[in-house]
Amino acid sequence: MDQLARTPKDIGHAIRRARKQQKLSQQELATRSGIWQETISKIENGSSGARLETIFDLCAALDLEIVIAKRSQSNTDFLEDTL
């Protein structure tokens with residue numbers, strides 16, 4: 001499952017997609033990862049502010065990894081606005 005993620009919402013959708021592919025409920029993922037179910041819900045719904053450590057814990061529990069790559073050619077205005 002390769003999925004491009006550029007925003008917290010994209011990360012949340014990727015986590016939700018992986019959780020559902022593994023037929024896990026949010027509560028089961030919470031038990032597996034040690035992250036509160038409410039936090040998982042917020043992340044899956046794209047709330048910003050999640051700690052990077054929390055994202056890595058969820059990825060580990062779902063057997064996912066994060067790959068950092070050069071941004072593909074697309075609208076770079078968003079990137080410039082954040083710098």
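The values are calculated or read from the model by the stated rules, or taken from the named source; none is laboratory data. What you are looking at is a predicted structure, and each value in this text was computed from that prediction instead of being measured. Because the Cβ atoms are built from the backbone with ideal geometry, glycine has one as well, and the counts that use them run over all protein chains shown. SASA here: full protein model, heavy atoms, side chains in, ligands and nucleic acids out. Shrake-Rupley method; radii C 1.70, N 1.55, O 1.52, S 1.80 Å.
Inspection of the stretch 15-22 finds a residue satisfying the criterion of being outside any helix (DSSP H, G or I) and touching a residue at least 24 places away in the same chain (Cβ under 8 Å).
Residues of the stretch 1-14 that are open to solvent by 80 Å² or more (accessible area, probe 1.4 Å), within 21 Å of Gly49 (Cα to Cα) and either hydroxyl-bearing (Ser, Thr, Tyr) or not in a helix (DSSP H, G or I) (or both): Leu4 alone. One residue stands out in the stretch 23-50 among those that are in a helix (DSSP H, G or I) and among the hydroxyl-bearing types (Ser, Thr, Tyr): the one that is most open to solvent (accessible area, probe 1.4 Å), namely Thr31. Taking each residue of the stretch 49-67 that is more than 15 Å from Asp10 (Cβ to Cβ) and looking for partners that are of a type in the set (Gly, Ala, Ser) with beta-carbon atoms closer than 7 Å, six or more apart or interchain, yields Asp57/Ser33; Asp57/Gly34; Ala61/Ser33; Leu62/Ala18.
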